[in-house]
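Quick note: the coordinates plus some simple rules give every number you see, no bench work behind them. All of these numbers come straight from a predicted model, not from anything done at the bench. Backbone-built Cβ (ideal geometry, glycine too); neighbour counts: all protein chains shown.
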Ligand code: AMP
């Protein structure tokens, strides 16, 4: 199948061709006709599958059709809710990329940047809003946005939004959009909570499901290096140097851990940057750009910060610490080998993490290859210690005004960790105009 078979209008086909794409990915081939028909959609799809264009393209098509245009001149007509700032930026970028030959206006609404420019853009009139729930509610409270004209609603990465404690915010927003509308729900996983949300929201939805492009078992070579807790930094430096890894995404459990590791790598002469919720939007974007351009070779990130980073063909992912939630492991290693290329995922595992490793292997239904680097053999006398959670990174709600825990603490996870405290990351960057207009 080609994009030209999907019945998309010429302006969209031109924008797709500008991107150099001709064949829709499986999720696009399945989702686009459903959305064009006006049906509700429940899609099981992860980052890396091309899901974003799977909803932005048909939404742009629907909004661009002439009769619809005359209905709602000044109110936003499509609302796309996403869990993180990074994803808001990326989804908005997709809207702009594919909508560049259309006259629709769009804005990205997220916290951590000045609200003023967003208000300005909203007041001037937009057709499409891409938003994180917290900041959108701020706008609702300030009456800078009116959702009564919404025709299409998307919940993107719905599982993440629930994990991050956004359910109450989502419910408040759902109460403000018209009952009669088209709703699309995208989620990597389908827990009971997601199903409950879907049941309340979707009407006779069409379900589509695609395997991730890079099913971990196939495209990503996974290995575990057993090492003592206190020697992980040293081992990582050695692995990077020995194998000449030039673009490595390293996951730590905590923001503090990300900073400390990045600093240590720097001292070892390895160019590195940390990416987490305490960094301003500007700092994060710079770190990401530098990493993409190989000005820094190692990006040390927390799960939340790394979510939605779109870097094609990332060759190496390192779990400096295993995640508490096994599914996060799959998300993490899904950063490598995207778009069909192969990648390698390496986990440094100390005695504290054996249980987490067992959980992950149980979920994968296979054992991961184990390695020991000579000179780094684990000392059998070292006893396991409880893992420090420092889980602020998970509660990375992008709103600064929320009282601690005020948005409902993210749910407790298996693995023995304490539930996260609701310390919303409050990166208050300088005023940053996130609005964009299409001409
Ligand atoms: P997503 O899953 O939406 O985050 O997209 C993952 C990556 O796939 C992005 O870099 C897209 O630009 C890319 N992509 C989306 N659609 C296609 C396509 N039809 N052909 C090739 N690459 C695509």
With Rg and the Kirkwood Rh both taken from Cα atoms, where does Rg over Rh land for the stretch 3-213? 0.93
Kindly rank 58-64, 14-20 from highest to lowest mean number of other beta carbons found within 10 Å of each residue. 58-64, 14-20
Length added when fully stretched, residue 5-residue 372, from 0.36 nm per residue minus Cα-Cα: 127.0 nm
Using per-residue counts of other Cβ atoms within 10 Å, averaged over each peptide, order 251-258, 36-43, 377-384, 187-194 from highest down. 251-258, 36-43, 187-194, 377-384
Provide Rg over Rh for the stretch 1-43; use the alpha carbon set for both Rg and the Kirkwood Rh (inverse mean inverse pair distance). 0.97
Estimate the FRET efficiency between residue 361 and residue 241 by the formula 1/(1 + (r/R0)^6), using the beta-carbon distance for r and 30 Å for R0, to the nearest 0.05. 0.55
Could you compute the FRET efficiency for residue 271 and residue 100, with r as their C-beta to C-beta distance and R0 at 45 Å, rounded to 0.05? 0.85
Could you sort 22-34, 357-369 so that the peptide with the highest average Cβ count within 10 Å comes first and the rest follow in order? 22-34, 357-369
Rounded to 0.05, the calculated FRET efficiency for the beta carbons of residue 259 and residue 381 at R₀ = 30 Å is 0.50
How far apart, in nm, are the 7 Å Cα→Cβ label points at residue 180 and residue 14? 3.4 nm
Alpha-carbon centroids, the stretch 28-107 and the stretch 1-23: separation in whole Å: 15 Å
